[in-house]
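The values are calculated or read from the model by the stated rules, or taken from the named source; none is laboratory data. If you're wondering where the values come from, they're calculated on a predicted model, not measured in any experiment. Virtual Cβ from ideal backbone geometry, glycine too; neighbours counted across all protein chains shown. When the accessible area is computed, the model is the full protein with side chains, heavy atoms only, and any ligands, DNA or RNA have been set aside. Shrake-Rupley method; radii C 1.70, N 1.55, O 1.52, S 1.80 Å.
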Amino acid sequence: MVLLWSLIRIVFRRTGVGGVLRRIAARPPRPDDLAEQRLVNLVEEIAIAGSVTPPSVLLVDTPAANAAAVGLTIEDATLVVTRGFLDRLPREQQQAVLAHVIASIGNGDLAVAKEILTVL
């Protein structure tokens, strides 16, 4: 039974949100990169304005411009942003996209996604 439990735990760790983030090489923002620190400040500012717990921020080094929220609850939400998002979009557009994603977190969309994944 212990071996079976260990196997199930390994499978879920590889296929869960954490496993996906490790596979796409998501990393925390670098403290010496001004654009990445501005992103963190912008996320915190928008989250506070929306009365949502500020999500943690991870970056993926790819030229595509994209942002998404992952996690199971508001408390463990993580905002994943690509480097292309930082490099290609001006601050106003970044703010609009991030506000939309953070609003999705605040509206409980992560809980809905969790329920759908549970059923599947």
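Quick rundown of the values:
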{"quantity": "Paramagnetic reach from Arg38 (point 7 Å along Cα→Cβ, amide N under 13 Å) across region 79-98", "calculated": "85-95"}
{"quantity": "Relative contact order (percent, whole number), region 24-120, Cα cutoff 8 Å, 6+ residue spacing", "calculated": "26"}
{"quantity": "Largest-first ordering by accessible area, 1.4 Å probe, given options Val101, Val70", "calculated": "Val70, Val101"}
{"quantity": "Glu45-Leu3 pseudo-label distance in nm [points 7 Å out on the Cα-to-Cβ vector]", "calculated": "5.7"}
